[in-house]
Structure formats: structure tokens, C-alpha cells
Amino acid sequence: MTAGAGVLSGCENVRHKNTMANVVVVGGGFGGATAAKTLRSLAADLNITLIEPKADYITCPGSNWLFAGLTSLPQLTVDYLALKQRHGIRLVTDSVKSIDRDRRRLRLTSGQDLAYDRLILSPGIAFQWDAISGYTAAMANVFPHAWQAGTQTTLLVRQLQAMPAGGVVLIVAPPDPYRCPPGPYERASMMAYWLKQHNPRAKIIILDPKRGFSKQALFEAGWRQHFRYGTADSLIEWHSLADNPITQLDAQTHTVISDFGDRFRGDVLNIIPAQTAATLASEASLTDKSGWCPVNPQTSQSLFDPYIHVIGDAAHFAPIPKSAFAANSEAKACAIAVYSLLNEQTASTANWLNICYSLITPEHGISVAGIYELDGEHAVAAVREAGGVSQVGSPELPILEADYARSAYQSLVNNSFR
Amino acid sequence: MQLKQRLTALWLMWSLPVFAEINPQLVALNCVSCHQDHAAPERGIPLLVGLSAQTIQQDLLDFKYDRKSATLMPRIAKGFSDDELRVIAEYIAQH
């Protein structure tokens, strides 16, 4: 695979010896924006095009903070002006209809055709609508997943705030792997923080198809400290339904039903479905039977097409979690690899960093970190001596980590988009 | 296979990950995801701008060996050899 890619990239450079190469980036989230920006910092004369249908991007990171009233959609919104003006990225506000892999051309929804020498795909996720019967794309407008930030999140915030006194919020968590592993639990924390002040007899019930979750010990300690977790009147309950997951929605009665027929009724239903790589990736036959895009991690080249690099949530970089921070890190390694391939150089050894902060309250932050490298088999592996979750002990640490959570968010947005 | 060749192959297999050179540019790009290169908000993550290579290297070693308490950096610094931390510190100070 790698050897083949090297040979092919050689031909390509002969072809473009006297012209500038065209690199097209599809998807203007953290992965795509960072890839375009980093590539520009490496190559001033490269033609870099970013294709993204939205004029503004609302970040998923930070969007759970809306439930606690700590931020607003405008504060979570970034545009692409800096990428365009400061970094000389050609911006095409459009979406990709299809990828002609043989001719290395993209057909856009507007009808425009675009050639690429190398394509970087950062298309994000799609939802598996058939995983919970009755939960369709249309039904998400009634019971929001809020797993892509924007109107979905606003709808869920409004439903939470309008809930009757003593009402129940059901959060149906997704199976692994999915975007933002600590997300459902930070969301429950932020909802509980708001409910504690405005609807203190309410309850959040998390129904989880997993046996455990990211930063579990830290979340549960925080919930005990702030939300009476573990007592009869806890604001949050977590139920593992690993052998009996939710398989059905009865919209009429606001009820979700498990495999064995257990019924859970809620006033507000937040159903976060199982996920795969975005439809664009599967339609271009870049996914395997897992639903995600397998890549050679060293260069992020698709295992099915050496001219296409896949990064971000859509790509299979496990054990690196699917996060905005990880997408940013994958984009940087990818940009260096693309630059090397275009210049017929050997790409330097890749490594990656992931950091995910979560807020339990505005003054209680927790984090998980991981450093990743290639092992002897060229697979991604976590560096064993490094990483892990926040230390427990000093009472100042959660306060400091809450400040750092906000600071890291702003910094990551600036680093990716500005 | 000759014993010598076999030992060489074994040595190569064992030693490759250890001797694989890190790219300090890539690591530094990841550092500035949090340590942004312009004004940090109040109570934000410290900036690296203006720090000497020696200061950065010493801080990284202190984080790695738990001589200096911090929220996250001890967990990061343990992911690199002392020599890698030196190379990273030098790169950050120069850019």
C-alpha cells in the first residue's frame, strides 16, 4: 500500500512539475480547517481549496455549555474569513455530490467540477437512523440528538427549559465508537447544573448501551459532589443497558423501549444515535464494514485510494478518540504528509495528541489526555507512560481545569480557524 | 539465516520504535493548540512566547519527573524521552 502510493505520487509530481499542485480539502470543521491552514504554512505556492456548504461553523465543543447558560450560539460560531484572507485558502461554499476517484475530480452540488492532485476529506459523521426503530431524521426535529451543534442544540435547550417541574430528561447515549466520547456525560452535567437552580426535583436518566464511559470516575465523583448522585433524589442517574440496549422509540408516548421490552418515558428525549463516517465517504467506497474510513495512519491515506487522505471523526484512528482536538492533531500530521508526498520526500514519523476537557459545573473541570504514536506494526498506539485523566486531590485543580477548559476551547478554535 | 543476521533483524525490530525520530515541528504544532501564540485570556493556559529553550526544557523535565505540579502537563511530558523534550523545547523557542 505505502510503496504503491509512493510510486503513484512520483508520477503525479512529474505531471505537475511546472504547475502548482491542487489540494482540495472537503469539510470545514476542525479537521478540514486545520489541514488547509497547516498546509498553507508549509507551502506558500500550493493551490488549496476548502469546500464547505455553510458560511459559518458552529462548534460542537462548547455546545454542551449552552445547557448551563454559560455560552451562546454566536460565541460558538466561527467563519472562514481568516482562512480565506489571512491564509490564502480558496473557499468554495458548496457541497460535494460525488467523487470521481479514477479521474481525481469532484462533482459539486452546484454542478461545478473540480480537479485535485490530493484530496483531504474531513467530512464528519452520519447517523445510523435504523439503529433505533422509529427514530428517523424527521423525528430528530421532535426529539433532538443535538450531536451536530446549531438548531438541534437550541431546540434541546428550549425543551429542557420548558420541562414541567419534576420532569424527566432521557439521554440515550450512543454505542462506541462515536464523536466526543465524554459528550453525553458533560451534557448531563450541564443540564443538571441548570436544573438544580430552576427545576430541582427534575431528573436526568442516561440510558447507555456501554458498560462504562470516558472519565467515568471523575464524572461520578463530580455528580456526587454537586448533584446528589447515588442518592434517591439524585439529579442524574446512569444505567448501563449493555445487554439490553434501547432499540425502539414510541414517539406518541415519549417512550424508548429496550431489546427486552423495558420502557422508559421522558418529558424530554435526547436520543444520540449510533454513528458512521459521513455519507460522502461511504458513497465514495472509502468506508469498510465498520462504517468508518480505514487509513494508513502515518500519512492518513485511505486504504482504498492513495490520493485521498481522510481525517477527523470519519477516519479510523483508534485508539485516538473522535474529538475536535484529535481532528486538529490528525490534520497537522496529514498536512505534513501531504506536503512530503507532493515533494517526493519521506514523511516524518507521525504522532498525535488528544486533550478533552469537560465541565461538570462552571467551576469544576476535568480532562483526559493521550499521546499516540505508531507501534512496530505501524498501527496507532497510545504511549503507555503518558496521558490519562485529571489527578484527584487538591481542591484548586478542578477550578483551574474549568478555566483551562474555556481557555483551551478558545485556543483550539483560534488555532484551527484563524 | 546466519545468527548474526538474525540478531541484526531482531535488533532492528526492537530498536525501530525507540529510535524513530520525532518531528519537533509536528509536536510544536500540537503544543500551540492550547498554548496559543497570542494574548491568553485571564486565568488561561500560559503562553510559550518569549520563553527560552532552556526554560521550556527545564519545565518539561520538571513536569515529566513530577517535580513541578500542574494539571495536564505531567501527563503530556511523560510521553517523551528527555532528549525529545530538549529537541521540542529548542524548536518552540526558535519559532
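The values are calculated or read from the model by the stated rules, or taken from the named source; none is laboratory data. This structure is a prediction, so every number in the text was calculated from the model and none was measured. Cβ placement follows ideal geometry from the backbone for every residue including glycine, while neighbour counts extend to all protein chains displayed. What goes into the accessible areas is simple: the full protein's heavy atoms, side chains included, and nothing from ligands, DNA or RNA. Shrake-Rupley method; radii C 1.70, N 1.55, O 1.52, S 1.80 Å.
Structure notes:
- Taking amide H as placed 1.01 Å from N in the peptide plane, A:T247 has its amide H under 5 Å from the amide H of A:I257, A:S258, A:D259, each at least 5 places away in sequence or on another chain.
- When the surface is traced with a 1.4 Å probe over the full set of protein chains, A:F304 keeps roughly 90 Å² accessible.
- HN-Hα J in Hz across the stretch A:69-86 - Karplus 6.51, -1.76, 1.60, θ = phi - 60°, x for Gly and Pro: x, 8, 8, 9, 4, x, 5, 9, 9, 10, 10, 10, 4, 5, 4, 6, 7, 7
- Surface burial for B against A, with a 1.4 Å probe and both sides summed, reaches about 2700 Å² of accessible area.
- Taking all protein chains into account, the per residue accessible area for the stretch B:21-94 stands at 51 Å² (1.4 Å probe).
- Annotation for A:R211 and A:N141: the two label points, set 7 Å from Cα along the Cα-Cβ direction, are 4.1 nm apart.
- In chain A, the DSSP beta bridges split such that about 55 percent are antiparallel, to the nearest 5.
- Taking one quarter of the surface of the C-alpha convex hull of the stretch A:130-273 gives a mean projected area of 8.0 nm².
- Solvent-accessible area lost in complex, 40 Å² minimum, residues of the stretch A:364-399 relative to chain alone, 1.4 Å: A:I371
- Accessible area of chain A divided out per residue, in Å², using a probe of 1.4 angstrom: 40 Å²
- Apportionment of accessible area to carbon and sulfur, the stretch A:130-273, percent (1.4 Å): 52 percent
- Partner chain coverage, peptide A:341-353 - average Cβ within 10 angstrom: 3
- Of all DSSP beta bridges confined to the stretch A:130-273, the antiparallel ones make up roughly 30%.
- Whole-number D in µm²/s for chain A (Stokes-Einstein; Kirkwood sum over Cα pairs; 10 °C, 1.306 mPa s): 71 µm²/s
- A simple spin-label model places pseudo-atoms 7 Å from Cα toward Cβ; at B:R43 and A:A251 they are separated by 4.4 nm.
- Listed by chain and number, the aspartates and glutamates whose C-alpha is less than 12 Å from the C-alpha of A:K54, apart from same-chain residues fewer than 8 away, are A:D79, A:D94.
- Set of aspartates and glutamates near B:K68 by C-alpha distance (under 18 Å), chain-local residues within fewer than 8 positions excluded: A:E385, A:E396, A:E401, B:D59, B:D82
- Coupling constants for the stretch A:224-235 follow from the phi torsions by the Karplus curve (6.51 cos²θ - 1.76 cosθ + 1.60, θ = phi - 60°), and in residue order they are 4, 5, 10, 10, 6, 4, x, 9, 5, 9, 5, 6 Hz; glycine and proline get x.
- Those GluC sites (Glu not before Pro) in the stretch A:366-411 that DSSP places in a loop and that have at most 10 other beta carbons within 10 Å: A:E377
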